[in-house]
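A short worksheet on the structure shown next.
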Amino acid sequence: MLTKPEGAILDLDIAVPRHYVTHENLAIARGVEPEKYHAGLGCWEMSVCGPGEDVVTLAAGAAWRLLQRHPHLREKIGLCVVGTESGVDGAKPTAIYVHQLVNLPSTCRVFEIKHACYGATAALQMAQAWACMRPDRYALVIAADVARYKRYSSGEPTQGAGAVAMLVGQAQDQPVCLTLSDVSGTHAEEVYDFWRPNYQAAALVKGKFSVECYLKSLLAAHDDFYRQMGKSASLDAMDYALYHVPFPHMARKAHVHLLSHKGIVQEEEALADYQRRVKLSLWANRRVGNIYSASLYLALAGLWEREADTWSKKQVSLFSYGSGSCSEYFTACGGTRRPAFHLKTLLDQRVEVDVATYEALSDHALLMEQNDSIHSETIRGMVPFVFVGIRDHERTYEQQTVAEKEPVTVVAAPAGMGIHRELAPLAALGSSFCDR
Ligand code: HMG
């Protein structure tokens, strides 16, 4: 009997910028009680892009780390899609830079998908369907974003930057991270909850309204999923529930809201359920911040690394929300591959900077985006690619050696810009899964 091919995330890897600022220091600098960011939002550290780091270097960096473990598959990659809302050009896709930097075959289909934080999920669903028709080919799906809100705005503590690259193919008989179900529930509705006009570097957001839109979409996409699956399918069958994580406590709000929709209204019971099925996935998001399209997949990476010993056959639900809006609710089943990306170590290797340096780094990164000039001194990132600037409207990327754990010394400023700082010394490295 012929069995239907199943699409799977075979493996994944992550890239983050070299620097982060703590929410404690950010709160103090903004005159806010740190508890608001810690207990109120669930945020502890926020990744910051500096000069030389952008969505392309992060996307290519995650893909490079992943392909280092699968060099024999490089020639079989027939689809490379980047889901991002931080694209660096109105026409030229982030994915074509990645294609060149990680040396993918010229026979590859290459493009970018944008729908706020939902883009990578659209890419993943498409890649899954594509892979099911091609047993001998693989897709590279990369979720990558740099989240920027105005300084001093309520969105500022929910920034971040990073990328998650996923290798997608048929499950067949190989070890996989997750086998994806081919049923999914969706919900689309035009709303102005969060958006970024072409003339703005930072997003505009109606914060509280965006939370309402997220929660409304969750119920609608979830109900659409269970309508298709029939009454026998139930949230109770899920071992873990993953959510899009603009800030970690949004995942808690979402889960409690969904449980209440299902009739579980006792706060104690709902919070115990959250502790059991959701909280374990949030530790990396607490340390990286919102990485828009990649946030859901960072939660997946965090959960997989943490639960690696018991991952096989675990049932996982995933909810993806993109402002604007489109959302999708789907399920997946844990496979037998073991994670090899060492996410906790990767995060521990970053360098903490103070708030003044975070501001200087992000100002400088933005100046590089907006000015036509090549920079000889950029920071050495955690991936082997660096954005050195724009000449005659063309972006230039270079290979570099990956930085080790010593503090970075110099941030060079474009002539006359007056930004030149020594970065703070290497922070004491954290050692837990950040279970706050
Ligand atoms: P805000 O006005 O700064 O904060 O906005 P708040 O006053 O609502 O407080 C936040 C929480 O902290 C509250 O808890 C307070 O009670 C608590 P809650 O009632 O929500 O449970 N709090 C404290 N707790 C302990 N000690 C204290 C204290 N003070 C207050 N001292 C908001 C918060 C999230 C709206 C803001 O940060 C924001 O606008 N963020 C950006 C938008 C966002 O993340 N929206 C999420 C849904 S939309 C989405 O996910 C899509 C998105 O990722 C974009 C895309 O799709 O591309 C954003």
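The values are calculated or read from the model by the stated rules, or taken from the named source; none is laboratory data. Only a predicted model underlies this, so the values are computations on that prediction, with no experimental measurement involved. For neighbour counting, all protein chains shown are included, and Cβ atoms are generated from backbone atoms with ideal geometry for every residue, glycine included. For accessibility, only protein heavy atoms count, side chains too; no ligands or nucleic acids. Shrake-Rupley method; radii C 1.70, N 1.55, O 1.52, S 1.80 Å.
Data for the structure
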{"read-out": "Residue check, Tyr274 within 13 Å of the ligand (Cβ to nearest atom), more than 21 Å from Ser181 (Cα to Cα), touching a His at 6+ places or on another chain (Cβ under 8 Å) and among the hydroxyl-bearing types (Ser, Thr, Tyr)", "value": "yes"}
{"read-out": "Residues of region 266-288 classified as open to solvent by 10 Å² or more (accessible area, probe 1.4 Å) and among the aliphatic types (A, V, I, L, M), total", "value": "3"}
{"read-out": "Pairs where the first residue, in region 197-213, is closer than 27 Å to Gly90 by Cα and the second is open to solvent by 30 Å² or more (accessible area, probe 1.4 Å) and more than 14 Å from the ligand (Cβ to nearest atom), C-beta under 8 Å, 6+ apart", "value": "Asn198/Gly90; Ala201/Leu366; Ala201/Glu369; Ala201/Gln370"}
{"read-out": "Region 220-272, residues that are among the hydrophobic types (A, V, I, L, M, F, W, C) and over 28 Å from the mean Cα position of the chain (by Cα)", "value": "Met229, Ala233, Ile264, Val265"}
{"read-out": "Cβ pairs under 6 Å, 6+ apart, first in region 107-131 and open to solvent by less than 10 Å² (accessible area, probe 1.4 Å), second among the charged types (D, E, K, R)", "value": "Thr121/Glu328"}
{"read-out": "Residue check for Glu75: among the acidic types (Asp, Glu) and more than 18 Å from the chain's Cα centre (by Cα)", "value": "yes"}
{"read-out": "Test: residue in region 84-93 that is away from the ligand (no atom under 16 Å from the Cβ), more than 16 Å from the chain's Cα centre (by Cα) and not in a loop (DSSP other than H, G, I, E, B)", "value": "no"}
{"read-out": "Test for Tyr97: is it touching a Leu at 6+ places or on another chain (Cβ under 9 Å) and either modelled with pLDDT under 95 or open to solvent by 10 Å² or more (accessible area, probe 1.4 Å) (or both)", "value": "no"}
{"read-out": "Residue within region 118-128 that is more than 20 Å from Leu73 (Cα to Cα), of a type in the set (Gly, Ala, Ser) and out of contact with any Leu (no Cβ under 8 Å at 6 or more places or on another chain) present", "value": "yes"}
{"read-out": "Residue match in region 328-337 (condition: modelled with pLDDT of 95 or more, out of contact with any strand residue (DSSP E or B) (no Cβ under 8 Å at 6 or more places or on another chain) and open to solvent by 10 Å² or more (accessible area, probe 1.4 Å))", "value": "yes"}
{"read-out": "Scope region 345-382; condition open to solvent by 10 Å² or more (accessible area, probe 1.4 Å), touching a residue at least 24 places away in the same chain (Cβ under 8 Å) and in a loop (DSSP other than H, G, I, E, B); matching residues", "value": "Gln349, Asp354, Asn371, Ser373, His375, Ser376, Glu377, Thr378, Arg380, Met382"}
{"read-out": "Every pair of residues 6+ apart whose Cβ atoms lie under 8 Å, when the first sits in region 274-301 and is over 21 Å from Gln315 (Cα atoms) and in contact (Cβ under 8 Å) with a residue 60 or more places away in the chain while the second is in a helix (DSSP H, G or I) and open to solvent by 10 Å² or more (accessible area, probe 1.4 Å)", "value": "Gly289/Thr158; Asn290/Thr158"}
{"read-out": "Region 33-59, subset among the small types (Gly, Ala, Ser) and assigned to a loop (DSSP other than H, G, I, E, B), residue nearest to the ligand (Cβ to nearest atom)", "value": "Gly42"}
{"read-out": "Residue check for Pro17: open to solvent by less than 10 Å² (accessible area, probe 1.4 Å), in contact with an Asp or Glu (Cβ under 6 Å, 6 or more places away or on another chain) and modelled with pLDDT of 95 or more", "value": "yes"}
{"read-out": "Candidate set: region 313-344, residues that are in a loop (DSSP other than H, G, I, E, B) and within 16 Å of the ligand (Cβ to nearest atom); chosen: the one nearest to Val383 (Cα to Cα)", "value": "Ser323"}
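Conditions tested, residue by residue: (1) of a type in the set (D, E, K, R); (2) open to solvent by 10 Å² or more (accessible area, probe 1.4 Å).
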{"position": "Ser234", "(1), (2)": "no, yes"}
{"position": "Tyr240", "(1), (2)": "no, yes"}
{"position": "Arg252", "(1), (2)": "yes, yes"}
{"position": "His255", "(1), (2)": "no, no"}
{"position": "His261", "(1), (2)": "no, yes"}
{"position": "Ile264", "(1), (2)": "no, yes"}
{"position": "Asn290", "(1), (2)": "no, no"}
{"position": "Ser293", "(1), (2)": "no, no"}
